[in-house]
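This report refers to the structure that appears directly beneath it.
The values are calculated or read from the model by the stated rules, or taken from the named source; none is laboratory data. Everything quoted here is computed from the prediction, not taken from an experiment. Using ideal geometry, Cβ is built from the backbone for each residue, glycine included, and neighbour counts are taken over all protein chains shown. Areas reflect the complete protein model, heavy atoms only, side chains present, ligands, DNA and RNA absent. Shrake-Rupley method; radii C 1.70, N 1.55, O 1.52, S 1.80 Å.
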Amino acid sequence: MTASELLEVCDLAKHFTVTKGFTRPVTTTVRAVDGVSFAVARGEAFGLVGESGCGKSTAARAVLRLIPPDAGLVRFAGIDVTDAHGSALQRLRRRMQIVFQDPYSSLNPRRTIGQALTEPLAVHGLARGRAARDRAIALLEEVGLPPSAYDRHPHEFSGGQRQRVGIARALSVEPELIVADEPVSALDVSVQAQVLLLLKDLQARRGLTFVFVSHDLGVVRWFCSRVAVMYLGRIVESGPVARVFGAPRHPYTRMLRDASPIPDPAIRGQMPRILGEIPSAANPPAGCHFHPRCPRASDLCRTVYPEWRADGDGGVACHQPEN
Amino acid sequence: MTDVAVSAPPSPRRAMIGRLLSDPTTVAGVVLCSIVLAGALLAPWLSPHDPLEQNILDRLAGPGSDYLLGTDQFGRDVLSRLLWGARVSLLVSFLSIASAVVIGGAIGMISGYIGGRFDLVTMQVMDVLLSFPSLILGMIMVALLGSSITNLVIAIALTAIAPFARIARAPVLVLKERAFIEAGRALGFSHLRILLVHVLPNIVTDLLVMGTLWMATAVRTEASLSFIGLGVKPPTPTWGGMMRDGFENILDSAWLCIWPGLAILVLVLGLNLVGDGLCDVTDPKATQ
């Protein structure tokens with residue numbers, strides 16, 4: 001951990017308990033996030049990838065204290081996020097923001113775009129009245145929307161435009177960190193590119209740090225410099241994007257990479273089959289969680305969860321890593 | 001993105017009123033309610049007689065030119081009492097339902113928003129309240145508190161709090177999962193701000209629609225309580241009270257029961273028609 005690290009996550013865990021039944025209640029614990037650690041440098045775009053249900057969104061929300069983590073530590077610019085209260089938490093909220101997946105539910109249908117953008121300014125005492133309006137219109141311009149959007153309601157906009165409004169709202173409090181939770185996966189492919197370009201542009205212009213949660217490897221490869229691959233609540237491999245996707249060491253990373261389509265007709269039809277389903281986080285397999293689907297699984301893998309092996313700028317949790 | 005500013009669609013509110021008034025049954029409901037409301041508001045000017053003035057010589061007079069709708073057993077003018085009675089009916093039903101909407105709505109909203117064990121306990125208390133028939137609950141309350149307009153309002157409000165808590169809670173359970181609520185939390189909005197600025201405006205229509213329908217129930221409950229003598233104390237004219245007084249002479253002066261009965265019918269029908277109309281236009285599936 002060096003001084004340039006803006007966000008530091010250490011052994012973060014979030015478990016959900018579900019109690020079912022009346023006469024004999026059965027409590028199951030879902031380990032949505034089970035000891036996740038990573039660090040993000042200032043100005044860096046860090047990707048968090050994995051299948052649906054692997055806990056990447058839960059981890060992102062716990063980092064922002066939108067849900068209280070059960071264990072672990074989150075440090076933002078040296079401040080303990082997990083232990084912040086009252087005004088300290090309020091100040092932290094200003095510095096880290098979130099962009100949501102679904103642009104249709106991320107805006108209050110009854111509030112105008114202007115209201116959505118000026119409300120955070122008022123709450124944090126940044127601007128009011130005329131000044132707030134000017135700032136909101138500047139924000140709209142920054143995300144590529146006309147000033148006339150100010151007085152309109154969300155239902156008058158397309159998904160891509162709404163996502164721009166959501167980004168503008170996140171930017172309104174001038175955060176340093178933006179957690180983007182699948183920011184483009186609900187959009188049409190043509191719009192995806194525009195929004196990604198906008199985010200990239202904002203990152204460069206404002207020096208933003210990103211935690212980019214996605215299941216789309218292509219998007220992460222393009223947007224992020226470093227990436228962590230999650231499987232069933234744990235990080236199985238991390239490192240620079242080019243290395244992780246170029247020469248994956250964990251069999252799961254390899255499987256994910258090989259399953260993501262390559263836009264080249266010459267290698268058409270070589271998509272490997274992925275064996276099996278992601279197991280339930282309520283009842284993960286013993287040993288390495290991935291062993292039932294792993295082509296290289298040994299007896300050791302079936303009994304002992306592999307230790308994290310750090311190597312340079314990343315690491316892998318596998319008994320028999322490739323390369 | 002350049003053509004966003006072409007033509008502004010009509011505001012949702014105005015479109016809603018337009019659709020509301022294009023439905024003849026809703027218009028009929030509005031007319032019926034307006035008649036009662038006008039009668040209540042203009043009672044001092046419309047009443048041909050003092051509603052409390054007893055004219056013992058003209059007791060039980062049938063409808064005629066002097067007393068348009070006849071007189072009761074004390075010789076009081078029925079039309080005047082009907083007009084003044086409308087004030088009590090409207091006042092009691094409006095105040096009781098308004099407080100039930102506010103209190104029940106707040107309980108349901110907060111309970112749904114907080115969730116967990118608190119929600120479970122609150123909703124179970126509401127279920128206990130719901131399990132009492134409203135007339136019985138009203139009777140218990142009035143018997144405990146004594147009969148006055150205030151106590152009547154409290155009693156009827158209490159019978160309607162539980163349904164409004166349920167009506168408010170259900171959409172909150174859906175709303176709180178939506179990203180804009182989470183966005184508010186990420187932006188550091190207080191829970192109070194999220195509830196008042198972001199949750200409430202999204203459920204207020206539901207509450208108002210149900211409020212209109214429940215006002216009709218409140219009118220009936222008020223009349224029923226007055227009828228069994230637990231309503232506003234005589235001699236203040238109320239529709240239920242008038243029916244009870246008239247009941248003693250129902251065989252020879254049936255109009256004493258018929259007129260207040262018709263008045264209740266008009267108001268309840270009017271409120272129900274308006275409520276149904278509101279229900280239809282605010283149903284998102286009925287839009288377009």
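Within the range A:7-21, identify whether any single residue is in a loop (DSSP other than H, G, I, E, B) and surrounded by fewer than 19 Cβ atoms within 10 Å (Cβ to Cβ), and answer yes or no.
Start the filter on the range A:7-21 by keeping residues that are in a loop (DSSP other than H, G, I, E, B), which leaves A:21.
Filter again for surrounded by fewer than 19 Cβ atoms within 10 Å (Cβ to Cβ), leaving A:21.
For the range A:7-21, residues in a loop (DSSP other than H, G, I, E, B) and surrounded by fewer than 19 Cβ atoms within 10 Å (Cβ to Cβ): present.
B:Leu145 is checked against (1) open to solvent by less than 60 Å² (accessible area, probe 1.4 Å); (2) more than 14 Å from chain A (Cβ to nearest Cβ); (3) free of Cβ contacts under 8 Å to residues at least 60 places away in the same chain and fails just one. What number does that condition carry?
Condition (1) is where B:Leu145 drops out.
Restricting to the range B:240-267, count the residues that are under 19 Å from B:Ala28 (Cβ atoms) and either open to solvent by 20 Å² or more (accessible area, probe 1.4 Å) or in contact with a strand residue (DSSP E or B) (Cβ under 9 Å, 6 or more places away or on another chain) (or both).
Taking the range B:240-267 as the starting set, the residues that turn out to be under 19 Å from B:Ala28 (Cβ atoms) are B:262-267.
Those left that are additionally either open to solvent by 20 Å² or more (accessible area, probe 1.4 Å) or in contact with a strand residue (DSSP E or B) (Cβ under 9 Å, 6 or more places away or on another chain) (or both): B:262, B:264-266.
Residues that pass the stated criteria total 4.
Quickly run through the range B:85-117 and pick out the residues that are closer than 18 Å to B:Ala218 by Cα and open to solvent by 20 Å² or more (accessible area, probe 1.4 Å).
From the range B:85-117, those closer than 18 Å to B:Ala218 by Cα are B:85-105; that's our starting set.
The answer is B:Arg87, B:Leu90, B:Leu91, B:Phe94, B:Leu95, B:Ala98, B:Ser99, B:Val101, B:Val102, B:Ile103.
Which numbered condition in (1) farther than 30 Å from A:Ile79 by Cβ; (2) open to solvent by 10 Å² or more (accessible area, probe 1.4 Å); (3) within 14 Å of chain B (Cβ to nearest Cβ) is the only one that A:Gln192 fails?
(3)
Evaluate the range A:285-299: report whether one residue or more is surrounded by fewer than 19 Cβ atoms within 10 Å (Cβ to Cβ) and under 22 Å from A:Val9 (Cα atoms).
no
Residue check: is B:Ile156 surrounded by fewer than 24 Cβ atoms within 10 Å (Cβ to Cβ) and in contact (Cβ under 8 Å) with a residue 60 or more places away in the chain? I'd like the intermediate steps shown before the answer.
On the way: surrounded by fewer than 24 Cβ atoms within 10 Å (Cβ to Cβ): no; in contact (Cβ under 8 Å) with a residue 60 or more places away in the chain: yes.
Answer is no for this residue.
Counting just the residues of the range A:300-320 that are open to solvent by less than 30 Å² (accessible area, probe 1.4 Å) and out of contact with any Asp or Glu (no Cβ under 6 Å at 6 or more places or on another chain), which one comes out modelled with the lowest pLDDT?
First pass over the range A:300-320, keeping only residues open to solvent by less than 30 Å² (accessible area, probe 1.4 Å): A:301, A:306, A:314-318.
From what is left, the residues that are out of contact with any Asp or Glu (no Cβ under 6 Å at 6 or more places or on another chain) are A:301, A:306, A:314-315, A:317-318.
On the way: A:Cys301: 89, A:Pro306: 91, A:Gly314: 86, A:Gly315: 90, A:Ala317: 92, A:Cys318: 90.
Ranking the qualifying residues of the range A:300-320, first place goes to A:Gly314.
From the list B:Gln73, B:Gln124, which residue is touching a helix residue (DSSP H, G or I) at 6+ places or on another chain (Cβ under 8 Å), surrounded by fewer than 21 Cβ atoms within 10 Å (Cβ to Cβ) and polar (S, T, N, Q)?
B:Gln73
Do you know which residues across the range A:20-37 are under 21 Å from A:Ala71 (Cα atoms) and of a type outside the set (Lys, Arg)? Give the derivation first.
Of the residues in the range A:20-37, the ones under 21 Å from A:Ala71 (Cα atoms) are A:27-37.
Those that are under 21 Å from A:Ala71 (Cα atoms) and of a type outside the set (Lys, Arg): A:Thr27, A:Thr28, A:Thr29, A:Val30, A:Ala32, A:Val33, A:Asp34, A:Gly35, A:Val36, A:Ser37.
Here is a check on your reading of the model: is A:Ala247 of a type in the set (Gly, Ala, Ser) and modelled with pLDDT under 85?
Numbers: of a type in the set (Gly, Ala, Ser): yes; modelled with pLDDT under 85: no.
Judged against the criteria, A:Ala247 is not a match.
Quick one: what pairs do we get from the range B:163-179, first residue without any contact (Cβ under 8 Å) to a residue 40 or more places away in the chain and within 14 Å of chain A (Cβ to nearest Cβ), second surrounded by 19 or more Cβ atoms within 10 Å (Cβ to Cβ) and of a type in the set (Phe, Trp, Tyr), C-beta under 8 Å, 6+ apart or different chains?
Every condition considered, the pairs that remain are B:Ala179/A:Phe100.
Which of the helices (runs of 4 or more DSSP H) found entirely inside the range A:208-323 contain at least 3 residues meeting this: in contact (Cβ under 8 Å) with a residue 60 or more places away in the chain?
Values: elements: A:217-223, A:241-246, A:251-259, A:299-303.
Here the list reads A:217-223, A:241-246, A:251-259.
Do we have A:Arg205 as open to solvent by 10 Å² or more (accessible area, probe 1.4 Å) and within 28 Å of A:Glu8 (Cβ to Cβ) here? So that I can check it myself, show each step before the final result.
Working: open to solvent by 10 Å² or more (accessible area, probe 1.4 Å): yes; within 28 Å of A:Glu8 (Cβ to Cβ): yes.
In short, yes.
Can you tell me which of A:Pro147, A:Pro120 is within 11 Å of another protein chain (Cβ to nearest Cβ), more than 23 Å from B:Arg178 (Cβ to Cβ) and not hydrophobic (A, V, I, L, M, F, W, C)? Walk me through how you get there before you give the answer.
On the way: A:Pro120 fails: more than 23 Å from B:Arg178 (Cβ to Cβ).
Among A:Pro147, A:Pro120, only A:Pro147 is within 11 Å of another protein chain (Cβ to nearest Cβ), more than 23 Å from B:Arg178 (Cβ to Cβ) and not hydrophobic (A, V, I, L, M, F, W, C).
Are any residues in the range B:159-178 open to solvent by less than 10 Å² (accessible area, probe 1.4 Å) and either touching an Asp or Glu at 6+ places or on another chain (Cβ under 8 Å) or on the phi > 0 side of the Ramachandran plot (or both), and if so, which ones?
Quick first cut of the range B:159-178, residues open to solvent by less than 10 Å² (accessible area, probe 1.4 Å) only: B:160, B:162, B:164-165, B:168, B:172.
Within the range B:159-178, B:Ala162, B:Ala168 qualify.
Which of the residues belonging to the range B:212-239 are of a type in the set (Gly, Ala, Ser), touching a residue at least 40 places away in the same chain (Cβ under 8 Å) and crowded, with 24+ Cβ neighbours inside 10 Å?
Those that are of a type in the set (Gly, Ala, Ser), touching a residue at least 40 places away in the same chain (Cβ under 8 Å) and crowded, with 24+ Cβ neighbours inside 10 Å: B:Ala218, B:Ala223, B:Gly231.
Is it fair to say A:Arg31 is charged (D, E, K, R) and under 30 Å from A:Arg133 (Cα atoms)?
On the way: charged (D, E, K, R): yes; under 30 Å from A:Arg133 (Cα atoms): no.
For A:Arg31, the condition - charged (D, E, K, R) and under 30 Å from A:Arg133 (Cα atoms) - is not met.
It is to be established whether one or more residues within the range B:195-203 are away from chain A (no Cβ under 14 Å), under 25 Å from the mean Cα position of the chain (by Cα) and modelled with pLDDT of 90 or more.
Narrowing the range B:195-203 to residues away from chain A (no Cβ under 14 Å): none.
Within the range B:195-203 (the criterion being away from chain A (no Cβ under 14 Å), under 25 Å from the mean Cα position of the chain (by Cα) and modelled with pLDDT of 90 or more), the answer is no, since none of the residues qualifies.
Would you mind finding the one in B:Ser96, B:Ser65 that is modelled with pLDDT of 80 or more and among the polar types (S, T, N, Q)?
Values: B:Ser65 fails: modelled with pLDDT of 80 or more.
Going through B:Ser96, B:Ser65 in turn, just one is modelled with pLDDT of 80 or more and among the polar types (S, T, N, Q): B:Ser96.
Going by the structure shown, is A:His155 buried (at least 17 other Cβ atoms within 10 Å of the Cβ) and either more than 9 Å from chain B (Cβ to nearest Cβ) or closer than 23 Å to A:Ala180 by Cα (or both)? Talk me through it step by step, then tell me what you get.
Numbers: buried (at least 17 other Cβ atoms within 10 Å of the Cβ): no; either more than 9 Å from chain B (Cβ to nearest Cβ) or closer than 23 Å to A:Ala180 by Cα (or both): yes.
It is false that A:His155 is buried (at least 17 other Cβ atoms within 10 Å of the Cβ) and either more than 9 Å from chain B (Cβ to nearest Cβ) or closer than 23 Å to A:Ala180 by Cα (or both).
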